[in-house]
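Report on one structure; see the data block that follows.
Bear in mind that the values in this text are calculations on the coordinates, not laboratory data. What you see is a predicted model; the values in this text were computed from it and never measured. No Cβ is skipped: glycine too gets one built from the backbone with ideal geometry, and neighbour counts run over all protein chains shown.
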Amino acid sequence: MYTEKVMDHFSNPRNVGEIENASGVGTVGNAKCGDIMRMYLDIDETGVIQDVKFKTFGCGAAVATSSMATELVKGKTVEEALKITNKSVMEALDGLPPVKVHCSLLAEEAIHAALWDYAEKNNIKIEGLEKPK
Ligand code: FES
Ligand code: FES
């Protein structure tokens, strides 16, 4: 049912943890199942994401997609990170079973929520970023 990459990121998730005094923190919940994800971003003065950590209280697919999402945002600019969608995360994992697609939304939403927090803290506007619900 799960691809090798999903199993790998589930059993050995990358970048699990917290960042103290993170530039931006985003916490999102999945309305469909109640699972929760928190993403921490460390962004330098040039707008590059230097570090990222996450915590997910959720199913295996949520853990795997968070893990892959952190790998995708690391080293990216804020603008590039904004372009990462749940689709790109799923593609990077070689796909998810249809019933697990909603799990991948958490990762995208958590990135956006953390970026929003960063923008608010620094009083900047990130083009194309919408306020998280
Ligand atoms: Fe049980 Fe997501 S609802 S793991
Ligand atoms: Fe809800 Fe996976 S079952 S996030």
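Before moving on, here are some points about what is shown:
- Of all DSSP beta bridges in the chain, antiparallel share, percent nearest 5: 95
- With the helix formula -39500 (n - 2.57) applied to DSSP H stretches of n ≥ 4, the chain reaches a computed 222 nm mean residue ellipticity of -13000 deg cm²/dmol.
- Cβ crowding within 10 Å ranks CYS33, CYS103, CYS59 as CYS33, CYS59, CYS103, fewest other Cβ atoms first.
- VAL52, VAL6 arranged by Cβ crowding within 10 Å, fewest neighbours leading: VAL6, VAL52
- C-alpha center-to-center spacing [the range 24-59, the range 73-133] in angstrom: 9
- Among LEU72, LEU115, LEU41, the largest mean-square fluctuation in a Gaussian network model of the chain (Cα springs under 10 Å) belongs to LEU72.
- With only the Cα atoms considered, the chain has a convex hull volume of 93 Å³ per residue.
- Charge dipole of the chain about the Cα centre (unit charges at C-beta), most positive-ward option of GLY24, ALA110, LEU41: ALA110
- Backbone N within the range 32-65 under 19 Å of label point (7 Å from GLU127 Cα along the Cβ vector): 46-49
- Exposed loop sites were defined as GluC sites (Glu not before Pro) in DSSP loop states (anything but H, G, I, E or B) carrying at most 11 other C-beta atoms within 10 Å; in the chain the longest segment without such a site runs 46-126.
- Assigned charges on the beta-carbon of Lys, Arg, Asp, Glu; the range 4-122 dipole about Cα centre (debye): 380
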